[in-house]
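The values are calculated or read from the model by the stated rules, or taken from the named source; none is laboratory data. Computed from a predicted model, the values in this text were never measured in an experiment. In this analysis, Cβ positions are derived from the backbone assuming ideal geometry, glycine residues included, and neighbour counts consider all displayed protein chains. What goes into the accessible areas is simple: the full protein's heavy atoms, side chains included, and nothing from ligands, DNA or RNA. Shrake-Rupley method; radii C 1.70, N 1.55, O 1.52, S 1.80 Å.
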Amino acid sequence: MEKDKKVVTLAYGCQMSERDAETLTQITRQEGYTSSDDLQNADLVIINTCCVRESAENKILGKIGELKKLKEKNPNLKIAISGCMVQQPGALDRLKKRAPHIDIWAGTHNLHDFSTLLHQAQQGEKVAEVWEEPKTTLESTPLAEKGKLQANVNIMYGCNNFCSYCIVPHVRGRERSRKPEEIIQEIKELVASGCREVTLLGQNVNSYGKEFSPSYDFADLLHDVDQIPDLLRIRFITSHPKDLSDKLIETVAQGKNLCEHFHLPIQSGSNFILQRMNRKYTREYYLSRVQKIHELLPLASLTTDIIVGFPGETETYFEETLEIMTLIQYSQAFTFMYSKRSGTQAAEMEDQIPLDVKKRRLQRLMSVQNKQSLEWRQKMIGKIYEILVEGPSRTNPERLVGRTRGNELVVYDGHPDQIGSLVNIRITEAGTWTLVGDLET
Ligand code: SAH
Ligand code: SF4
């Protein structure tokens, strides 16, 4: 009997990349592979790549280099590189030259056909398939892994916003929404297999359904997903502030299982920088959206993404970012140094910021945010929060871990029977990232 073939899948970058990696793993499963994390004994390694910042690319190039040695030891090993890095205009030739040991190259629009590429590679061919445009019908049948407590569900693909720093629209194509009935069907199947929490994914979920007639928008979708029996929680990312409607905030406020958490990337607190970033909102507009959220959902958690060192960012503009953060009080912020991405508008801007200045600003931003995250959590002490229990804590396996509706991590002493269910926890201690609490009986 043929020995059980092992696949190791590594995903870099955002949830979409992780979701794509899951689809690829599922395809290999249909081809007789089982998942593993043991690179030394792998028959197939898949790296689903990210190119949003240079640091991600460098990490991935390092990994691809390491795999060369593995292939020398095990010549039967097949290696596949897929996703955003491969999709960048002009990247494939450069990558192929740099890494001739790779068997399969696949762009973001070529995942559905991975089994064909795999068969060719198994015959000893080196294959590359990078379509410039997606074929929507092929995307509509994603293969989610069944039987997990939490699942990510694509509701749309691509992005039309062209923020001036961002490579995503260049490698993911234009916005296209999946049909509501397909999304709901997929979620029902996930729930039947044991899933209790879904995160609806899109680069800008607030523009979901713009192309639909009769009209059906993201708030309508959330409302309908909220009716699915036995689904305990619904999350969504990412909300572009310019498209965050009152209707959506009201829908979350009136929903049953719609989590009161908004990931609302601000990117900068300076109107000058926001305009150069092509974000299409001002700091005043952003603050008005936050105010609306607080009005209807006083307990909502807000998280954000911030870029420091965007071309033209003076010390004063940077201070405006620190100031707005302090005003808003985020539960968490993902902070990045601006990274020049060739092919984007900002890469051509003249007043690029030196690395040492970017590093210093990032440090300051992070220390302000860490203080805020801690303060945010300290305010939770003494109150009771509902958490969905996910499993044993990674750092303290005798304890259980779960998340609040606001997406804050909570550790407590509980019974394994509680995994997968909702429990009430009174918060007793707060750290920057984690809360500790006691089960309320
Ligand atoms: N569609 C989402 C997220 C896209 S990428 C959104 O609009 O929020 C995730 C985050 O990476 C962005 O929010 C941004 O903060 C950061 N990012 C994107 N391009 C970047 C670049 N060139 N340099 C640094 N950070 C970047
Ligand atoms: Fe990139 Fe802007 Fe689109 Fe987000 S909305 S993916 S930051 S272009």
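Candidates in the range 322-347 are the residues that are in a helix (DSSP H, G or I) and within 16 Å of ligand 2 (Cβ to nearest atom); of these, the one that is surrounded by the most Cβ atoms within 10 Å (Cβ to Cβ) is 346.
Scanning the range 298-311 for residues that are surrounded by fewer than 19 Cβ atoms within 10 Å (Cβ to Cβ) and more than 16 Å from ligand 2 (Cβ to nearest atom) turns up 298, 299.
The residues listed here are 363, 275, 352; of these, the one that is polar (S, T, N, Q), open to solvent by 40 Å² or more (accessible area, probe 1.4 Å) and within 17 Å of residue 240 (Cα to Cα) is 275.
Six or more apart or on different chains, Cβ atoms under 6 Å: show the pairs whose first residue is in the range 153-166 and aromatic (Phe, Trp, Tyr) and whose second is near ligand 2 (Cβ under 8 Å from one of its atoms) and open to solvent by less than 10 Å² (accessible area, probe 1.4 Å). Cβ pairs passing all conditions: 162/169. Mind checking which residues of the range 250-296 are more than 13 Å from residue 406 (Cβ to Cβ) and part of a strand (DSSP E or B)? Selection gives 267 alone. Scan the range 393-403 for residues that are loosely packed, with under 14 Cβ neighbours inside 10 Å and not charged (D, E, K, R) and jot them down. Residues satisfying the conditions are 395, 396, 397. Each residue in the range 372-395 was checked for being touching a helix residue (DSSP H, G or I) at 6+ places or on another chain (Cβ under 9 Å) and among the polar types (S, T, N, Q), and 1 of them qualify.
Pairs meeting the criteria (first residue in the range 297-309 and part of a loop (DSSP other than H, G, I, E, B), second residue within 16 Å of ligand 2 (Cβ to nearest atom), beta carbons under 7 Å, at least 6 apart or on different chains) are 300/262; 309/337; 309/338.
Out of all the residues in the range 221-244, which are more than 16 Å from ligand 2 (Cβ to nearest atom) and either more than 23 Å from residue 182 (Cα to Cα) or in contact with a strand residue (DSSP E or B) (Cβ under 7 Å, 6 or more places away or on another chain) (or both)? Passing the criteria: 222, 225, 226, 231, 232, 233, 234, 235. Of the residues in the range 170-177, not one is touching a strand residue (DSSP E or B) at 6+ places or on another chain (Cβ under 9 Å) and either more than 16 Å from ligand 2 (Cβ to nearest atom) or in the same structural domain as residue 402 (by TED's automatic domain parsing) (or both). All of 76, 48 fail the test of being touching a residue at least 12 places away in the same chain (Cβ under 8 Å), farther than 26 Å from residue 359 by Cα, within 16 Å of ligand 1 (Cβ to nearest atom) and not acidic (Asp, Glu), apart from 48.
Set side by side, the residues 408, 390 differ, and just one is open to solvent by less than 20 Å² (accessible area, probe 1.4 Å) and touching a residue at least 60 places away in the same chain (Cβ under 8 Å), which is 408.
I need the full set of residues from the range 273-331 which are within 12 Å of ligand 1 (Cβ to nearest atom) and aromatic (Phe, Trp, Tyr), in order please. Within the range 273-331, 281, 310 meet the criteria. Determine, yes or no, whether residue 331 is touching a helix residue (DSSP H, G or I) at 6+ places or on another chain (Cβ under 7 Å), over 17 Å from residue 270 (Cα atoms) and of a type in the set (Ser, Thr, Tyr). Considered against the rule, which asks whether it is touching a helix residue (DSSP H, G or I) at 6+ places or on another chain (Cβ under 7 Å), over 17 Å from residue 270 (Cα atoms) and of a type in the set (Ser, Thr, Tyr), residue 331 comes out as yes.
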